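Scroll down for the structure; my scribbles are underneath it.
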Amino acid sequence: MSSILESHPIEMTPLWLNELKGEWTAHVSIYQYCPQQVDDARIIIPIRAKDLTPAWLNKQLEALPSGSELALHSELINKNKKLHIPMIDFSQPTKPSEENLSWIEKHSNLKFNIYESGRSYHGYGEKLLTHEEWIKFMGLLLLASAPGTISIVDTRWIGHRLIAGYAALRWSKNTQQYLKSPTRII
């Protein structure tokens, strides 16, 4: 595995796959960042969940079109079943405080790995959620900030993700907009 991927979120896929029985489909997307847009234009690509490996990711990153980024979607599908990888896009340029992370973990009953993404931090839960649990989880993230305080989680991201019906977080660093690929810190 290349050094870029040693602390990349791809390292969590075996954990998620251990919860799945049968053939599941994951989705990734190729997108171009457009600030302050409501539209979420993406080229969505299905992939067998078991194929989400560091070797696969290396190939995707090498083939990524100029000016585009790669994101993993939260949703995993098997026939009529749908599960979600819990994801968080924190709004602050500093590491989430232990207090804030503990609050989210306590109220969601989930444990998270935290990744620095350059301008913010991303969280990935270790346990998959049903679609109904995912909707409640996204609502919980909106409640993580006390009234009158700075948002802990990017509320625009939550809005986009609820409209789309799945969460998505960037797995690449292919444009000037972003400072680095996501790298685990916790």
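Specify which residue in the list Ser120, Leu70, Ala55 is farthest towards the positive end of the charge dipole of the chain, using unit charges on the beta carbon of Lys, Arg (+1) and Asp, Glu (-1), about the Cα centre. The Cα lying farthest towards the positive end belongs to Ala55. Full extension of the segment from Ile45 to Lys59, taken as 0.36 nm per residue of separation minus the current Cα-Cα distance, would add 3.6 nm. With 32 Å as the limit on Cα-Cα distance, the pairs of Lys79/Lys180; Lys21/Lys59; Lys21/Lys180 that go past it are Lys79/Lys180; Lys21/Lys180. If the chain linking Glu23 and Thr155 were pulled fully straight, counting 0.36 nm for each residue of separation and taking away their Cα-Cα distance, it would gain 44.2 nm. Put a dot 7 Å past the Cα of Lys79, heading toward its Cβ, do the same for Glu132, and the two dots end up 2.0 nm apart. If R0 is taken as 35 Å, the Cβ-Cβ distance between Ile163 and Glu6 corresponds to a FRET efficiency of 0.55. A value for volume of the Cα convex hull per residue in Å³ was derived from the coordinates, and within the list [x] 131; [y] 100; [z] 118 it appears as [z].
Sorting Phe90, Phe112 on the 10 Å Cβ count, fewest up front, what's the list?
Ascending Cβ contact count within 10 Å gives the list Phe112, Phe90.
Residue order for Arg161, Arg119, Arg170, fewest other beta carbons within 10 angstrom first, comes to Arg119, Arg161, Arg170.
So for Ile150, Ile104, fewest C-beta neighbours within 10 Å to most, what's the order? Kindly include the intermediate steps, with their values, before the conclusion.
Values: Ile150 8, Ile104 23.
So the residues, fewest neighbours to most, are Ile150, Ile104.
Full extension of the chain between Glu98 and Ile186 gives 30.6 nm of extra length, using 0.36 nm per residue less the Cα-Cα distance.
Would you work out the relative contact order for the chain, in percent, from Cα pairs under 8 angstrom that are 6 or more residues apart? All intermediate terms of the calculation are to be shown ahead of the outcome.
Working: 336 pairs, mean separation 50.4, N = 186.
Relative CO of the chain lands at 27 percent.
A short reminder: the numbers here are calculations on the coordinates, not readings from a lab. The structure presented is a predicted model; accordingly, all values stated were derived computationally and were not measured. Note that each Cβ is placed from the backbone with ideal geometry, even for glycine, and that neighbours are counted across all protein chains shown.
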